[in-house]
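Here the structure comes first, spelled out in structure tokens, and everything after it is commentary.
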Amino acid sequence: MAIKKNNMTFTTIILLICIGLAAGFLSGLVGIGGGVIIVPALVILLGFSQKLAQGTSLGILLLPVGILAVMQYYKQGYLNVNYVAIVAVAFVLGGFLGSKLALSLSDEKMKKIFAIIMLLIAVKMLFFDSSKPSQPKGSMVSSTNIQQSGR
């Protein structure tokens, strides 16, 4: 088992705070944080193994740490609660299946898979994203609509 021992130096605490601030800021700003900021930062800055970084990121993100950012989007009407519920349920199953696969592979293979996925996403976003509507039909659910419908 690859559990990292708790040697919390002042530098480690400062690095963790910086990682959390960066991930939280980017999550609130553009909806990213875990895989893009937390995992690479834990591997590069703190020497975590790929699996330990991924597990730590999941532990951070699966707790309700984004609640204040979510509330801001909800207040402005940029949160579709029905979509969130469906994706959240699917995320639970996907997380279970993905973790089973990840833990069956070597740390080296996981690093390579992680890097390839990040590269593919970056290439797609840079070169293959065409102009699309800014939001899918029915994606905005304002807090007034939710209150009026009794939800």
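The values are calculated or read from the model by the stated rules, or taken from the named source; none is laboratory data. This is a predicted model, so every value here is computed, not measured. Here Cβ is always computed from backbone atoms with ideal geometry, including for glycine, and neighbour counts include all displayed protein chains.
Applying the selection to the stretch 88-128, what residues are closer than 15 Å to Gly35 by Cα and exposed (fewer than 11 other Cβ atoms within 10 Å of the Cβ)?
Ile116, Leu119, Leu120, listed by residue number.
Residues of the stretch 1-21 being modelled with pLDDT under 90 and under 15 Å from the mean Cα position of the chain (by Cα), which ones? Give the steps one after another, and end with the answer.
Quick first cut of the stretch 1-21, residues modelled with pLDDT under 90 only: 1-8.
The answer is none; no residue qualifies.
Can you confirm whether the stretch 26-33 contains a residue that is part of a helix (DSSP H, G or I) and over 14 Å from the mean Cα position of the chain (by Cα)?
Within the stretch 26-33, none of the residues are part of a helix (DSSP H, G or I) and over 14 Å from the mean Cα position of the chain (by Cα).
Which one is modelled with the lowest pLDDT among residues in the stretch 92-137 that are closer than 19 Å to Ala53 by Cβ and hydroxyl-bearing (Ser, Thr, Tyr)?
This residue is Ser99.
Filtering the stretch 44-81 down to residues that are among the aliphatic types (A, V, I, L, M) and in contact (Cβ under 8 Å) with a residue 60 or more places away in the chain, which residue is surrounded by the most Cβ atoms within 10 Å (Cβ to Cβ)?
Ranking the candidates gives Leu79 first.
Given the criteria buried (at least 16 other Cβ atoms within 10 Å of the Cβ), within 11 Å of the chain's Cα centre (by Cα) and hydrophobic (A, V, I, L, M, F, W, C), does Ile37 qualify?
The answer is yes for Ile37.
Is it fair to say Val84 is modelled with pLDDT under 90, surrounded by 10 or more Cβ atoms within 10 Å (Cβ to Cβ) and not in a helix (DSSP H, G or I)?
Considered against the rule, which asks whether it is modelled with pLDDT under 90, surrounded by 10 or more Cβ atoms within 10 Å (Cβ to Cβ) and not in a helix (DSSP H, G or I), Val84 comes out as no.
Kindly check whether there is at least one residue in the stretch 90-104 that is more than 19 Å from the chain's Cα centre (by Cα) and either under 23 Å from Gly24 (Cα atoms) or of a type in the set (Gly, Ala, Ser) (or both).
Scanning the stretch 90-104, I find at least one residue that is more than 19 Å from the chain's Cα centre (by Cα) and either under 23 Å from Gly24 (Cα atoms) or of a type in the set (Gly, Ala, Ser) (or both), so the answer is yes.
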